[in-house]
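Written below as structure tokens is the structure these notes are about.
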Amino acid sequence: WVMRQKCGISQPHRSQDFVSLHTSSMLLFYQSKRMKMEGKSYVYLKWVLCCIFLVQFPLGVCGLISGETAMKAIAVFYGGGVEMTPQMDYVVRMMGAYILAISLMALFALLDPARSIAIVYGLIILMVIRGLEALCLANQVAQSFDMSIWKARLDGVLFLIVAVLLFSFRPKAQVLTKKEEEIISYKNTGWLIFIVVYLLYAILLCLSSC
């Protein structure tokens with residue numbers, strides 16, 4: 001009121017102040033409600049990411065140790081088995097590195113879900129591919145790994161369920177300013193150029209090897 005008197009600004013009508021106060025209160029209420037809903041959603045997301053980490057991390061570590069150790073861990077988590085050869089041992093060790101990296105990415109997303117949108121979407125894509133792969137190749141998986149075909153199909157269904165849960169509880173995109181959008185667009189353009197060049201290099205390398 002004192003600042004209005006010094007600046008020569010007339011005092012607004014009481015009804016306008018009441019409407020403004022009511023509007024601000026409603027905005028704060030809906031904002032706090034939205035933040036509570038997002039926090040609750042993040043709790044569910046963290047549980048899903050925690051399950052991914054707890055399953056994938058031991059498999060990745062066992063894969064790095066040896067192929068035999070990895071097969072024992074796979075038999076515990078998924079069932080079935082495969083005859084281990086030196087070539088298969090190397091492949092399992094290589095896959096163990098990828099599985100370990102996936103588990104650590106799930107851990108990073110677990111620690112900060114709001115800033116891990118890209119990781120969550122990457123895990124969703126991975127789970128969808130694994131689920132469809134397990135369902136489409138259930139017969140081959142059952143015969144190759146000496147397991148029930150229903151177990152193989154159940155694994156595919158579980159992967160798809162995890163994908164649906166991740167998508168349902170995924171972090172929402174943050175509102176950015178125009179300057180921040182320009183910076184991100186500039187960086188994405190650089191990454192896009194790099195990816196295109198890399199893909200061209202990979203295609204030429206494959207053609208030359210053929």
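The values are calculated or read from the model by the stated rules, or taken from the named source; none is laboratory data. If you're wondering where the values come from, they're calculated on a predicted model, not measured in any experiment. Backbone-built Cβ (ideal geometry, glycine too); neighbour counts: all protein chains shown. What goes into the accessible areas is simple: the full protein's heavy atoms, side chains included, and nothing from ligands, DNA or RNA. Shrake-Rupley method; radii C 1.70, N 1.55, O 1.52, S 1.80 Å.
Take Ala106 and decide whether it is modelled with pLDDT under 85 and touching a helix residue (DSSP H, G or I) at 6+ places or on another chain (Cβ under 6 Å). Explain how you work it out, then say what you get.
Values: modelled with pLDDT under 85: no; touching a helix residue (DSSP H, G or I) at 6+ places or on another chain (Cβ under 6 Å): yes.
So Ala106 fails the test.
With the requirement that a residue be among the aromatic types (Phe, Trp, Tyr) and touching a residue at least 40 places away in the same chain (Cβ under 8 Å), what does segment 104-140 give you?
The answer is Tyr121, and nothing else.
Aliphatic (A, V, I, L, M), part of a helix (DSSP H, G or I) and farther than 25 Å from Leu64 by Cα - does that describe any residue in segment 102-109?
no
What's the number of the condition Glu83 fails, among (1) over 17 Å from Pro171 (Cβ atoms); (2) assigned to a helix (DSSP H, G or I)?
(2)
Among Ala118, Ala97, which is the only one that is closer than 15 Å to Gln56 by Cβ, of a type in the set (Gly, Ala, Ser) and either assigned to a helix (DSSP H, G or I) or touching a Lys or Arg at 6+ places or on another chain (Cβ under 9 Å) (or both)?
Unique residue meeting the criteria: Ala97.
Against the conditions (1) in contact with a Phe, Trp or Tyr (Cβ under 6 Å, 6 or more places away or on another chain); (2) among the small types (Gly, Ala, Ser); (3) open to solvent by 30 Å² or more (accessible area, probe 1.4 Å), where does Gly131 fall short? Just the number, please.
(3)
When residues of segment 40-67 are filtered for being over 30 Å from Met88 (Cα atoms) and either at pLDDT below 50 or open to solvent by 60 Å² or more (accessible area, probe 1.4 Å) (or both), how many remain? Write out each step before concluding.
Applying the first criterion (over 30 Å from Met88 (Cα atoms)) to segment 40-67 yields 40-48.
Narrowing the set further to residues that are either at pLDDT below 50 or open to solvent by 60 Å² or more (accessible area, probe 1.4 Å) (or both) leaves 40, 43-44, 46-47.
Residues meeting the conditions: 5.
When segment 62-80 is examined, which residues are found to be aromatic (Phe, Trp, Tyr) and either more than 20 Å from Ser144 (Cβ to Cβ) or in a helix (DSSP H, G or I) (or both)?
Across segment 62-80, the qualifying residue is only Phe77.
Can you name the residue in segment 153-205 that is aromatic (Phe, Trp, Tyr) and open to solvent by 90 Å² or more (accessible area, probe 1.4 Å) and, of all such residues, is modelled with the highest pLDDT?
So the residue we want is Phe167.
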